[in-house]
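Please treat every number below as a calculation from the coordinates, not as lab data. Keep in mind that this is a model prediction, so the values were computed, not measured. Cβ sites come from the backbone with ideal geometry, for glycine too, and all protein chains shown count toward neighbours.
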Amino acid sequence: MSHPILQAEDVTKTYDGFRAINALNFYLFPGELRTVIGPNGAGKSTFFDLLTGRAKPDTGTIRYADSDAAPSIDLTDLNEYEIQRLGIGRKFQTPSVFAEHTVFTNLVLSLKGPRGVFASLFHRLDSSARDRLDSLLKLIRLDDKRHWKAGLLSHGEKQWLEIGMLLASEPRVLLVDEPAAGMTDEETHRTGELLLSLRGQHSIVVVEHDMTFVKQISDGGRVTVLHQGSVLCEGKFDDVQSNPKVREVYLGRGKH
Amino acid sequence: MLRTLSIFLFLLAAAALSAAPDASRARLLAALVAPADQQVAAVRALVGLEDAALVPTLTAWRAAELYLVTTGTASPVPALLAPLPGDADGRLQALAVADGLPVKDPATGQPLTFAPKELKALDTTAPLRRAIRDVLEVAGVADPSPAVRRESIERLGQSRKADHLPLLQARLAIEFSPAVRSALQDAIAFIQLADPAVEVRLQAITDLAAAHSLAAAARFKEQIALPADAPGAASPVELAALKTAVKTIEDHWSRVNFFGNLFRGLSAGSVLLLIALGLAITFGLMGVINMAHGELMVVGAYATFVVQNLFAAAFGPGSLAFNFYFLAALPVAFAAAALVGLVIERGVIQFLYKRPLESLLATWGVSLALQQTFRLVFGPANVQINAPAWLQGGTALYDVAFAYNRLFVIGFAVLVVFGVWLVLNRTPLGLLVRAVMQNRQMASCIGVKTTRVNMLTFAFGSGLAGLAGACLSQLGNVGPGMGQLHIIDAFMVVVSGGVGNVLGSVAASLGIGVTDQLLQPVLGAVMGKILVLFAIILFLQWRPGGLFPTRSRSLD
Amino acid sequence: MSAPAKLSDVEPRFFTRAQWASFIVPTLVLALLLPLLNALLPADSLLRPSDFTLNLYGKYATYAVLALGVDLLWGYLGILSLGQALFFSLGGYAFGMHLLLMIGKDGQYKSDLPDYMVFLGYKALPAHWEPFYSFPFALAAVLLVPALLAFVFGWLAFRSRIKGVYLSILTQALTYAAALLFFRNDFGFGGNNGFTDFKRVLGADLNSPATRRALYIASIALLAAVFLLYRWLTRAKFGHLMQAIRDGENRVLFSGYATARYKLFVFVLVAAITGLAGALYVPQVGIINPSEMTAEKSIEAVVWVAVGGRGTLIGPIIGAIFVNALKSWATREAPERWLYILGGLFIVVVLFLPGGIVSLPTKFRTFLAKLRRPPSGPTAS
């Protein structure tokens, strides 16, 4: 098979003596939709922080492949915006949109394109960008609210808007942190379908708690279980669910 | 002028008369009335006489202001003239050299009074005046006051006259004060620098180097700078000794200066710490820097001023009780500033907990209003604060001067830090404060009355500012603009030290205080300050991601 | 309920026709009509704005440019800089150097050297003063000196992501340090007294009414130009990004924008323009000294913006004029009350009128609407 698009090897990160990430190994392959689960404090958000340049690992390497070759770009040297420009986009656990801007402007600011100061000064929307924005607005079902201030949207709508912003930047890798939080069952299901439809063109990592949702999106894909900052086990959803270690640390405790 | 001075000295001497040995006074009297041909010798013999009346009497004599007063049949009495207390006619009374008391009419027992012209001054001749001058020159060596002795000994040492050697050596044999002894040794060595014997000279150089005499270093340098063929130039051996000596002395003093600066830096850092502690606490709680913090400090300083005036009015400014006003002022300053802080919190800040930049502006507005209030109440000029006696002066250890008020500030800062630590870590309030600092919403959810905690914490931080103000009143001027002077440094401490982190504040304030003091002699006060500012900006570069990198799940 | 688009979405139009009118008319009145009336009408005419009035308005215009800069940084970008008066004064000092050299031998000491140099015993003009004989050089310095300082400071500060109150405090400390330097005689810029007694600019007598009119017109023109420039900046995608940085810098960072560069660009641009305003201010008031560059002055400029209404471009202009008019009045009528008024303004605006004066009409309308409607009904937010 091909090379991983993203690989973390032997990564450790300590905060004030607490090992949030401990000798973690993780490989993500092109076009894959990977689900990461784990109890609270397992290090899921910290793991995303390390991948996106928000935190630097104490030891270990994190590499990214911008072509089909083996991963060669060292992400630990780069900062947030450099990593984003390489094509790694992130959606945060708490939806973070530009609350004072309209839905439309939120998407315009996220649209793939030059990010420099002067590009922004002389920026104009061409018709293809406009079409892209229209189709994105339809996709995230905010077409009729495009002039709303993002701050006025419901929690679920903000989640969708943030997913839309993520897509607008056309990343190769999507890191999605708890996308279904605060959504109704129906919205959750639709989110799952959206993510599944993205698989193949994008490589996706989803961190999630909601087991129904995890089951939906894992759909034959791999599930990684994090525990105390390391990978406890990895495999298909059913294998993971029946794994006694997992039941002990996670399902067993959480689902009584 | 000279007359008044000598009379004053004489009166002083008279006051000390009971302690003066009669034998020395008798020798003095005898010299005054000795036959003309023996008088010069008798005067010269007075050298080394330990008698408080010696200097004033001889001074007066030389100035032709010593008189012989004849009373009835008795032999004439040498006396000085002094104004008669309560007499407006300008009549004078005679104070006898023998006992310093007014000369009385033997018939009536009343003090005799004279007009200035009625008496004839005791005669002097040129050789006699020279003798008196010589005696006076060295008289200080035997003065009862150690400070006077030291000064006159140092002067004799500077004169480099070998004639003075015996006198100084004689004095060294009986001198008991350590400070005067060391001055004597220095002076002797100084004179011996000109000794014909080279080993004596070398020994003198070594002695002076060991005594770290700055005056000696200056002289050595002069001598080193002399051309080799000049008269008085040092031999090679001596030259080497001189150079070593200069180095020893200069090393010593640069060490002394270093430690002196270090000490001043520590005390400046302690002041900063006192100011910044309250700031760091209120900042940690509300996330905003209280721009009126400096004015809260001034409230404390003015409170000290008011307490001082109350004590002065109640006990009198020189009284023993007055000296304790400062101890009473400390709690008053704390309470006054805490009260003002409470009003500010209730009136302004409580509405702005979520808008840090705006509360920074609003508190600036408060600070302007407070400054103007100080001006209206206490006047625009600085007010006079008299340090209690126990905070005046200082002590020295290995030539490093330790002023008492600075020592006090350091000790006080240690106490306050400890107190703050106790409050934050060992009291119910501290627990609540830390809970609110860490997570305001969560604390409020589990039933912490955050409003009350805010109020109390803000008042506590403000009270600390008041304490800092009280302390500062002992170190510098107290005026309406005083808060602005120190506040920027305090902000710097908070920026580089950390939020609600007592240890960080301690490290930052001591660091800034000491750096500032060590840089000042090299760069001047202003450049030192600017350099510290840039050091802080660079320090923040070194901590990438800012001082307090976020690592929560949500973004901001 | 539909929320109106606050920032027009697609291609924001620069100005509507009505907006063009409400921009051009006052600009023309101020920049042309007033000076014409001043020049042509007889001195006793009621319609004639006095020389003093023009001078005052010219000064206010430079203040307004300063305030616009504060607002662009604070209202749009979220950076509360307490150092804007420093950039204003640096521009003023740079131009003051030129003006001082233009005095020539007409100073008190009849020397080629500026008076204070003679007084301090300088023998020759320091080398870095020489180029300031040239007007173009002085103009370049007016723009570049503040810009350079802003660049160095901003680069260090934004790179290490210092923001919020930390940044405010550091800018205040920078200002404080600079003022300390300029207060010193041996720093070489006239110490306490600064520069004064200017005689001419570009060969024209500074005391003649014509020169003063020209300076006034230049100030109004600068204000108008800066207003247009900032309008353009804030309407472009750039402007949306500025506000996005204000509301959530990290999100912008994760959207791939190097926010530090955006902040640095605005900070430096504003510093240069503020310096230009300072350069126009100095010949109109006739003096520049270090008391102009203290943190207090910077914070006063922040009050203008807060009072006028931040996050709008008209607010700072209104605020600068309103507060300074109030100051002129108060220092004349009740000088001991001025600090109370200023401090009170701060507190009142922050607590009760965060939108400033420009938000008053909206507030008033909402108030009226509330009066008309029964208070019980659910109100849309």
Taking only DSSP H segments of four or more residues, each worth -39500 (n - 2.57), what value at 222 nm results for chain C once the sum is divided by all its residues, to the nearest 500 deg cm²/dmol? -21500 deg cm²/dmol
Show the residues, 5+ positions off or on another chain, whose built amide H is closer than 5 Å to the amide H of residue A:21. A:13
At q = 0.19, 0.21, 0.30, 0.31 Å⁻¹, what log₁₀ I(q)/I(0) does a Debye calculation on the Cα points of region C:129-180 give, no solvent, two decimals? -0.73, -0.81, -1.10, -1.13
Quantify how strongly other chains surround peptide B:300-310 by giving the mean number of their Cβ atoms within 10 Å of each of its Cβ atoms. 0
With everything on Cα atoms, drop me the angle between helix A:185-198 and the longest principal axis of chain A, reported from 0 to 90° to the nearest 10. 90 degrees
May I ask you to derive the relative contact order of region B:255-481, considering only C-alpha pairs under 8 Å and at least 6 residues apart, and to give it as an integer percent? 41 percent
Treating the angle as unsigned and between 0 and 90°, give the value, to the nearest 10°, between the Cα long axis of helix B:236-286 and the longest Cα principal axis of chain B. 40 degrees
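Tally Lys and Arg at +1 and Asp and Glu at -1 over the other residues with C-beta under 14 Å from the C-beta of residue C:112: what net charge comes out?
+1
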Per-residue HN-Hα couplings for region B:203-208 [Karplus 6.51, -1.76, 1.60; θ = phi - 60°; Hz; x = Gly/Pro]: 4, 4, 4, 4, 4, 5
Can you list the HN-Hα couplings for region C:241-252, worked out from phi with the Karplus curve (6.51, -1.76, 1.60; θ = phi - 60°), rounded to whole Hz and with x for Gly and Pro? 5, 4, 5, 5, 5, 4, 7, x, 4, 4, 4, 5
Can you tell me the mean projection area, over all orientations, of the convex hull of region C:228-381's alpha carbons? Units nm², please. 13.3 nm²
With a 10 Å radius around each residue's Cβ, average the other Cβ atoms per peptide and rank C:335-342, C:269-276, C:242-249, highest first. C:269-276, C:242-249, C:335-342
With viscosity set to 1.567 mPa s at 4 °C, what whole-number translational diffusion coefficient in µm²/s follows for chain B from Stokes-Einstein and a Kirkwood radius over Cα pairs? 44 µm²/s
What are the lysines whose alpha-carbon lies under 28 Å from the alpha-carbon of residue B:161, with same-chain residues fewer than 8 places away excluded? B:221, B:243, B:247
Hey, rough spin-label estimate for residue C:331 and residue A:228, points 7 angstrom out along Cα→Cβ, what's it come to in nanometres? 7.0 nm
How about residue B:104: which lysines have a C-alpha closer than 20 Å to its C-alpha, ignoring those fewer than 8 places off in the same chain? B:117, B:120
Taking Lys and Arg as +1 and Asp and Glu as -1, residues besides residue C:313 with C-beta under 14 Å from its C-beta add up to +2
Projected label distance in nm at residue C:130 and residue C:106, using a 7 Å step from Cα toward the beta-carbon: 2.6 nm
Note the per residue figure in Å³ for the convex hull of the C-alpha positions in region B:114-169. 126 Å³
Per residue of region C:320-331, what does 6.51 cos²θ - 1.76 cosθ + 1.60 with θ = phi - 60° give for ³J(HN,Hα)? Whole Hz please, x for Gly and Pro, Karplus curve as stated. 4, 6, 4, 5, 6, 5, 4, 5, 4, 5, 5, 5
Residue-averaged beta-carbon neighbours from other chains (10 angstrom radius) around C:235-246: 5
In whole Å, how far is the Cα centre of region B:245-272 from that of region B:337-407? 29 Å
Check: C-alpha center region C:242-315 vs C-alpha center region A:157-227, spacing in Å is 42 Å
What is the set of long-range amide H partners of residue A:206 at a cut-off below 5 Å, with H atoms built 1.01 Å from backbone N? A:34, A:35, A:36, A:176
Which aspartates and glutamates have a Cα less than 13 Å from the Cα of residue A:215, not counting those fewer than 8 places away in the same chain? A:193, A:238, A:239
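Remind me, relative contact order of region B:411-488 in percent, using alpha carbon pairs under 8 angstrom and six or more residues apart?
Details: 24 pairs, mean separation 11.8, N = 78.
Here the relative contact order equals 15 percent.
So what is the calculated 222 nm ellipticity per residue for chain B, using -39500 (n - 2.57) for each DSSP H run with n of 4 or more, over all residues, to the nearest 500 deg cm²/dmol?
Rounded to the nearest 500, the figure is -22000 deg cm²/dmol.
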Percent of Cα pairs exceeding the 58 Å cut-off, where the set is the protein assembly as shown: 37 percent
For chain C, longest principal axis from Cα atoms; helix C:209-235 axis from its Cα atoms; angle between them, nearest 10 degrees, is 40 degrees
For residue C:181, what charge total do you get from the other residues with a beta carbon under 15 Å from its beta carbon, if Lys and Arg give +1 and Asp and Glu give -1? 0
Residues whose placed amide H lies under 5 Å from that of residue A:101, excluding near-sequence neighbours: A:150, A:151
What number in nm² do you get for chain C if you take the convex hull of its Cα atoms and divide its surface by four? 23.4 nm²
Enter the mean number of other protein chain beta carbons within 10 Å of the beta carbon of each residue in C:296-307, as an integer. 2
